[in-house]
């Protein structure tokens, strides 16, 4: 695992959005109210800085669609953490900047337990996972990222993370600019 310098208790908090200098909108924590922030301050935003353990894949796809639609850049700085569904958001940037010292990782999507018939619940969960995977692959393709990126998620259990190497970030077109800091 790359060295993450963001405190774990910060990453566990609800999404924090802060407009910084130079048109940078910093997202820290889990995601929810991104669209409202873009509606309110979008004309000032050029780059979305990510430092997040992820969260809902549906939310990540919605945030990613808005980032892509607005032509914003995304960035994961040295020591920052972008995991689970966060790389979907990162992959949405017109320009995708990451430090070679950033921690960018994925794992399998999963659904919380459903009550009732276990066989039916398993079937619904499997269908949902396949549909969501199709949505993710379509999104990655639309943003110019090699959808093979998601193979690492599919192969990594939900209680683990697969971290991309600097070479993979470039080869899979996850980044457009790999910063060496």
**Request:** Once you have the Cα-Cα distance between residue 122 and residue 18, take 0.36 nm times their residue separation minus that, and quote the gain in nm to one decimal.
**Result:** 33.5 nm
**Fill in**
Here the gain from full extension of residue 170 to residue 155, 0.36 nm per residue of separation minus their alpha-carbon distance, amounts to 3.4 nm
**Message:** Give me the mean projected area, in nm² to one decimal, of the convex hull enclosing the Cα positions of segment 78-181.
**Reply:** 6.7 nm²
**Item:** Centroid-to-centroid separation of segment 82-108 and segment 153-179 [C-alpha atoms, Å]
**Value:** 8 Å
**Request:** Return 34, 90 ranked ascending by Cβ neighbour count within 10 Å, so the fewest neighbours appear first.
**Result:** 34, 90
**Request:** With 5 Å bins from zero, work out the P(r) of the chain over every alpha carbon pair and list the percent per bin.
**Result:** 1, 9, 17, 22, 20, 15, 8, 4, 2, 1, 0
**Request:** Quick one: work out the % antiparallel among DSSP beta bridges in the chain, nearest 5.
**Result:** 25 percent
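Just so you know, all these numbers are worked out from the coordinates, no wet-lab data involved. All figures in this text were calculated on a predicted structure; none of them were measured in a lab. Here Cβ is always computed from backbone atoms with ideal geometry, including for glycine, and neighbour counts include all displayed protein chains.
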